[in-house]
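Data first, discussion second: the structure below is written as structure tokens.
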Amino acid sequence: MVVGRQFETGPGHDFVDARRHPRFKLQVDIRVYPRNTSVVRGHTVDISESGVSAMLLVEVPIGEVVRLEFELPLGPVDAHALVRQRSAFRYGLQFVESSTAQEVIGRTCRQLAMEESLREAKTP
């Protein structure tokens, strides 16, 4: 598993991410279950409390609601998401339900934010 902050802001950084929730780099295996198609396997790129991006080698239709399964450090996730965007093999998936999966995702993002803050505090 690879973790870290996706975008930096502040002095020396030109890009500001205007999303509702911060994104964190996170590379874990993911299984996507589109309607009327077999499972699509891939790996995540980053995660936030509102969605996840993933690299998938099989096309998944934009606008479709899919089921996701992946494992976070704090537990397994089984959630539904809307396929919002695609750029080559990278897909943006927005979580669409409130569930215990959202609780695990939220706790994981808060833990990643805390770990990032500790790493930044140690860096001179």
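Taking the mean number of other Cβ atoms within 10 Å as a proxy for protection, how do you rank 38-48, 54-64 from highest to lowest?
Values: 38-48: 17.7, 54-64: 14.4.
Packing order, densest peptide first, comes out as 38-48, 54-64.
For VAL28, what residues show an amide H to amide H distance below 5 Å, using hydrogens built from the backbone and excluding near sequence neighbours?
Distant-sequence amide H within range of VAL28: THR44.
Non-local amide H neighbours of VAL96 (under 5 Å, H modeled in plane, Pro and chain starts lacking H): which ones?
Answer set, sorted by chain and number: HIS80, ALA81, LEU82.
What ³J(HN,Hα) values, in whole Hz, does the Karplus curve 6.51 cos²θ - 1.76 cosθ + 1.60 give for the stretch 79-88 when θ = phi - 60°, with x put for Gly and Pro?
In residue order, the calculated couplings are 9, 9, 8, 8, 6, 8, 7, 9, 9, 6 Hz.
Read-outs: derived from the displayed coordinates by stated rules, not from any lab. Values in this document were obtained by computation on a predicted structure and should not be read as measured data. Don't worry about glycine lacking a Cβ; one is built from the backbone with ideal geometry, like all the others, and counts go over all protein chains shown.
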